[in-house]
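The values are calculated or read from the model by the stated rules, or taken from the named source; none is laboratory data. Please read these numbers as outputs of a predicted model, since none were measured by experiment. Cβ atoms come from the backbone with ideal geometry, glycine included; neighbour counts cover every protein chain shown. All accessible areas refer to the heavy atoms of the entire protein, side chains included, with ligands and DNA or RNA removed. Shrake-Rupley method; radii C 1.70, N 1.55, O 1.52, S 1.80 Å.
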Amino acid sequence: MTQRKPISSDRSISSHTAEDKEYLVSVKNHPKLYLMVRPNGTKSWVYRYNSPITKKSKRISLGVYPNVKLSRAYEIWHEYENLISKNIDPKDYREEKEQSILINTNNTFKHFAWEYFDNLAQVQKPNTLLRKKGRIGLLCHYIGDQPIKDITAPKMLEVLLDIQNNSLNNQEQPTDKAERCAGIASDIFVYAGARGFCDSNPADLIKSQLATARYGHRPAVTKPKELAKLLRDIETLDADMNTMNSLRLLAMLFVRNGDIRRMRWNDLDLIEGRWKLKPLKGQGKVNMVKDMVVPLPRQAVEILREQQRLNGHTEYVFYSPTEIPPNLKH
């Protein structure tokens, strides 16, 4: 058997490298404490002992190195040695402690819903978060105070059908609000389930029970005379300069409203008459345009010059304080 030098410092840990089989290295002056080195190079702390109750051999993982440093492993070892001296099994003690935390933690639907939302806030855009915040708020109105593990599929069906019945379009047909609420509820149950607070996903079970959203006919201006009237009507609007100029550019450039709103001065070349952008709907999608250049006619450049006098000091051409949700926190 290979003799391995016991670990005495963080530096000495680096001398123990991966081999074909996992192996244990003892820690100097700390009996029962070992470093396990696996073939993939992972190193983790292990406490091996005989239970003071059953006398059977047991082991507890204390965490992965270097997330758990040697000094922290010493502290845990000290705690477990103290428990054994009092005839308390460290593994049983830890499991009871974890169960107590599980029981006493706030385990309502709204607790996990807003915790999930706070995680989303790190990766998603403000306008997307604002929509999801509204859906979460609506769900919490119905089931926010209920323990998440007690929410059943029939209860979710009752909630989502009520949302569906209260969100009809002009043709008295269901919109997609209930379906989208079901989607975010499903994500919340998955989030809580991964943390041990529920065993099922009732929202996922009843998605097929909701009516398919119908939007009806969406008329468009297709005749030159109608378009001319629309353009004249735009000029009569009682609106601020941001709104007026964005509408004028939409009629000239044929881009999405979201792309106009995200137009940045750095993307514009007013001398050459070009706008280079990444279309909002193209990002992350297969077979979609990822980059494009929009030619700017003389009239568009004139509008942008006017807009520059208003917002030239900001990053965005159509910057407005009201575009940024003042508080996305719940």
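Treating only the Cβ atoms of Lys and Arg (+1) and Asp and Glu (-1) as charged, compute the dipole magnitude of region 114-165 about its Cα centre; round to the nearest 20 debye.
Approximately 300 debye in magnitude.
Dipole check for region 219-260: with +1 at the C-beta of Lys and Arg, -1 at the C-beta of Asp and Glu, and the Cα centre as origin, the magnitude is about 260 Debye.
Note the angle between two axes, namely the Cα long axis of helix 298-311 and the longest principal axis of the Cα atoms of the chain, as a number of degrees from 0 to 90, rounded to the nearest 10. With both axes taken from Cα atoms, the answer is about 60 degrees. Projecting the Cα positions of Leu168, Gln299, Ile143 onto the charge dipole of the chain (unit charges on Cβ atoms of Lys, Arg, Asp and Glu, taken about the Cα centre) puts Gln299 furthest along the positive direction.
Taking all protein chains in place and a 1.4 Å probe, what share, in percent, of the accessible surface of the chain do carbon and sulfur account for?
C and S fraction of accessible area: 51 percent.
The angle separating the long axis of helix 90-104 from the principal Cα axis of greatest extent in the chain is about 30 degrees.
Net charge dipole, the chain: roughly 980 debye, given to the nearest 20, about the Cα centre with Cβ charges of +1 for Lys and Arg and -1 for Asp and Glu.
Counting pairs of Cα atoms in region 96-195, how many percent are more than 15 Å apart?
Tail of the P(r) past 15 Å holds 64 percent of the pairs.
For the chain, a Gaussian network of Cα nodes joined below 10 Å ranks Leu161, Leu280, Leu120 by mean-square fluctuation, and the top entry is Leu280. The sum of -39500 (n - 2.57) across all DSSP H runs of n ≥ 4, divided by the residue count of the chain, sets its helix-only mean residue ellipticity at 222 nm to -13500 deg cm²/dmol. Put simply, the chain fits an ellipsoid with semi-axes of 59, 30, 17 Å; these come from the alpha carbon gyration tensor as the roots of five times its eigenvalues, largest first. Our summary of shape: the Cα atoms of region 227-302 have principal axis extents of 40, 28, 21 Å, ordered from largest down, in whole angstrom. Between the alpha-carbon centres of region 77-143 and region 1-70 there is a gap of 30 Å. Protein heavy-atom accessible surface, 1.4 Å probe, per residue over the chain: 64 Å². Rolling a 1.4 Å probe over the protein chains gives Phe109 an accessible area of about 0 Å². Going by accessible surface with a 1.4 Å probe and the largest first, His111, His78 read His78, His111.
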